[in-house]
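Here's the structure, in structure tokens; my notes come after.
The values are calculated or read from the model by the stated rules, or taken from the named source; none is laboratory data. Just so it is clear, the structure is predicted and the values come from calculations on it, not from any experiment. Here the Cβ is made from the backbone with ideal geometry for all residues, glycine too, and neighbour counts use every protein chain on show. Areas reflect the complete protein model, heavy atoms only, side chains present, ligands, DNA and RNA absent. Shrake-Rupley method; radii C 1.70, N 1.55, O 1.52, S 1.80 Å.
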There are 2 protein chains.
Amino acid sequence: MVTIYDVAERAAVSPATVSRVLNGKSVKAELAARVLEAADTLAYVPNRTARTLRRRHSEVIALIIPDVENPLFTALARGVEDVAREAGYSLVLCNSDDDLAKEREYLDIAISGDMAGVIIVPAAGESNVDLLLAKGRAVVAVDRPVAHGNVDTVVFDNARAGHDATTVLWEAGYRRIACITGPNDVRPAVDRAMGWQAAMLGFDSTFPAVTYLRHGDFRTRGGQEMMLDLLQMDEPPDAVVAANNLIGVGAINAMAQAGTLPPTTGIAVVGGLPYALPFGHPIPVVHLPTRHIGMSAARILLDRLSGSQSPVSTVVLRGELTPPTPA
Amino acid sequence: MVTIYDVAERAAVSPATVSRVLNGKSVKAELAARVLEAADTLAYVPNRTARTLRRRHSEVIALIIPDVENPLFTALARGVEDVAREAGYSLVLCNSDDDLAKEREYLDIAISGDMAGVIIVPAAGESNVDLLLAKGRAVVAVDRPVAHGNVDTVVFDNARAGHDATTVLWEAGYRRIACITGPNDVRPAVDRAMGWQAAMLGFDSTFPAVTYLRHGDFRTRGGQEMMLDLLQMDEPPDAVVAANNLIGVGAINAMAQAGTLPPTTGIAVVGGLPYALPFGHPIPVVHLPTRHIGMSAARILLDRLSGSQSPVSTVVLRGELTPPTPA
DNA sequence: GAGTATACAGAAATCGATTGCTGACACAAG
DNA sequence: CTTGTGTCAGCAATCGATTTCTGTATACTC
């Protein structure tokens, strides 16, 4: 292992000088040249662990997400990564599986690994980032608020998204519009359903909303099962709002199984479908600015890291109902 | 920041003893109890940075993949994660964008961050892990071999997968079967195309293979463009082998646009389609054991980490042609 | 030309945990 | 009673880079 001492020796200067050269502090040009040459010929790579120990924080930020296999979160990760890299930070992706224990483990790693900051999509339930805050680390919540801890937050306008998705179906002539959403301890799932419910009651105050609401698991499987369930009702819905992309896919699968693909049964989806679904009928989608939400969170975090003391803020990003262009 | 010294003081022992207790070395029961109690009341969290500096390696392994948004790689990541966590390691996901410069950056981070080992899907081109090997770090290549460096490797049997996909189409009666694959500096892309070519020439030695081969970018966009291109030929193919999941999605989109969805134009896909495509006709898929490939790579890495000196090996996993059950 | 300000390099302390070595003590064997 | 063997806790060195402090050489002011 070649260390800063080896470089110092070869360049005939002190380790302190090598450090200064490598960190852009002022050093006489001639010495700097010697140092750089020595570092080069020795193929010196500074040890980040030692640097982190001394500086008491690394250049790594942790991004904790509930599911790496969900395109929403990977898109978010891209957004974070792009901004973070730009600023010289690298990103560690941690997969919590929406499990508080795993999440806690990763939070501990973030603390004990001296990570610069944490961007977290809190797991369902009582996420707690107090320990992190107590240590003075920067934390930003994304997509969902944290249950405990007062931190900057970036979320979608979920109620509105649910409302918009419902409205477009209503305007297309559907009248008995159901809603399949995620678990009821996951905030965006609840909010989107609220948006749907508000919209339906606005159109028809006698609509039996609870009857047509289903909680799945925010995954394809759940969407499919709940849709089949809805279709078996005595008075099945004539359309459905899928509260996320995977539910949308599942619901469409179910419709295919039951032979009631759109436009027979209508569907609108909150969140971009991961891949265009190639069959005749266009599907209205409320596109959520997933990449943006990541970029926004990263910017806020970077701001905190550079010492900003501005009061804790919540940013709400609005989705956009798109004419369904594929891909 | 509460350190091991604080704990030591409170428990009236030396820091060394605290360390030994926390690491399960033999210490008299009474002292151990005092230490644990002190650690508990002080809410002591050991600093991994310091430990890593001293031990000269961390409990983190890096997984470098070309595209976090590709389900193949996220599934692989799950496989790696499951095995790694089991063994007490945590995973850092790094996104190389198939870009050698970004890849090199992450490799440097792996070195300078004292990471225990690296599992890498090498970027297109001349990936080089020599530096890592020179430092004695464990490295495993997945999905593609590394251009430089002699390391354990886990790959799919890509040629066979291409061959199988082609065969199933031939047997279904298609005769002019094209192939859309990835960039020609990406090994699996080439191998799958080779499998297709071998199969076609086996069936019909006069088949003008080069005419019906297209290189896209292994993404939806590329698949779509190449498919449209194929469909515009004077003598368009009557079927196509899509060399990966995203190309498959793109190709199907293109078919939808052109109004020649299966079975009019046949298609077989190598690699599971990320989300079931709900329209009447079943699509044959050569399922690749993506999760397995990750688990296998992780096991090999862990083996090396625990000191195994067995000769460098290559593991080849076979895909399986499935009757196309959705989801 | 004397005195002060400035720039810059080196020595050494520091970050927090681990670990080789040493010494203290207990007990068994001779 | 002495020597030998083993257990276990503490001291201090160590990992590699950063940074404070200090000293020296040079430039600048009047």
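Couple of notes before you dig in:
- Potential lengthening between B:Arg291 and B:Leu133 on full extension [0.36 nm per residue; Cα-Cα distance subtracted]: 54.3 nm
- Taking all protein chains together and a 1.4 Å probe, the residues A:Leu100, A:Leu231 rank A:Leu100, A:Leu231 from largest to smallest accessible area.
- Across the copies of the chain, B:Ser310 has label points (7 Å from Cα along Cα→Cβ) spaced 5.6 nm apart, shortest distance listed first.
- For A:Arg55, the label point sits 7 Å beyond Cα toward Cβ; its separations from the matching points on the remaining copies run 2.3 nm, from shortest to longest.
- Area of A:Glu9 that stays accessible when all protein chains are in place (1.4 Å probe, Å², to 10): 140
- Peptides A:282-288, A:302-308, ordered by how many other C-beta atoms sit within 10 Å of their residues on average, highest first, read A:282-288, A:302-308.
- Alpha-carbon Rg with Dmax, taken over the protein assembly as shown, Å: 27.4, 87
- Straight-line cross-link reach from A:Lys135 at under 20 Å between alpha-carbon atoms covers these aspartates and glutamates, not counting any fewer than eight positions away in the same chain: A:Glu59, A:Glu103, A:Glu105, A:Asp108, A:Asp114, A:Glu126, A:Asp152, A:Asp303, B:Asp6, B:Asp40.
- When every Cα-Cα distance of segment B:158-287 is counted in 10 angstrom steps from zero, the calculated P(r) takes the values 15, 53, 30, 2 percent.
- Legend: P(r) of segment B:71-172 from all alpha carbon pair distances, 10 Å bins from 0, whole percents, reading 13, 42, 29, 11, 4, 0.
- Ratio Rg/Rh, restricted to chain B and using Cα atoms, in which Rh is the Kirkwood radius: 1.14
- Interchain or long-range residues, amide H under 5 Å from A:Gly266's placed H: A:Ala239, A:Val240
- Only protein heavy atoms count here; under a 1.4 Å probe, B:Lys28 has an accessible surface of about 150 Å².
- Across the identical copies, how the B:His287 labels are spaced - nm, sorted shortest first, 7 Å along Cα→Cβ: 3.4
- Stretched out straight at 0.36 nm per residue, the stretch from B:Ser308 to B:Ala209 would grow longer than its current Cα-Cα span by 31.1 nm.
- Ranked by the mean number of other Cβ atoms within 10 Å of their residues, highest first, the peptides B:101-111, A:68-78 fall in the order A:68-78, B:101-111.
- Normalising by residue count, segment A:4-46 has a Cα convex hull of 55 Å³ per residue.
- The modelled label-to-label distance for the pair B:Arg54/B:Glu69, using points 7 Å beyond Cα in the direction of Cβ, is 4.5 nm.
- For segment A:307-317, backbone phi angles converted through the Karplus equation (6.51, -1.76, 1.60; θ = phi - 60°) give residue-by-residue couplings of x, 4, 10, 4, x, 4, 10, 10, 9, 10, 9 Hz, Gly and Pro being listed as x.
- Using a probe of 1.4 Å on the protein chains alone, the accessible area found for B:Asp157 is around 40 Å².
- Shown is the FRET efficiency for B:Leu36 and B:Ser112, computed with R0 = 35 Å from the Cβ-Cβ distance and rounded to the nearest 0.05: 0.55.
- Each distinct pair of alpha carbons in segment B:1-77 adds a 1/r term; the inverse of their mean, the Kirkwood radius, is 14.8 Å.
- Sorted peptide list for B:56-67, A:216-227, criterion being average Cβ within 10 angstrom, highest first: A:216-227, B:56-67
- Length added when fully stretched, B:Val315-B:Lys28, from 0.36 nm per residue minus Cα-Cα: 98.6 nm
- Computed log₁₀ I(q)/I(0) - Debye formula, equal Cα scatterers, no solvent, segment B:184-236, q 0.12, 0.13, 0.17 Å⁻¹: -0.30, -0.35, -0.60
- Under 13 Å, Cβ to Cβ, from B:Leu63 - net charge with Lys/Arg +1 and Asp/Glu -1: -3
- Segment A:132-180 - Kirkwood radius from inverse mean 1/r over Cα pairs (Å): 13.6
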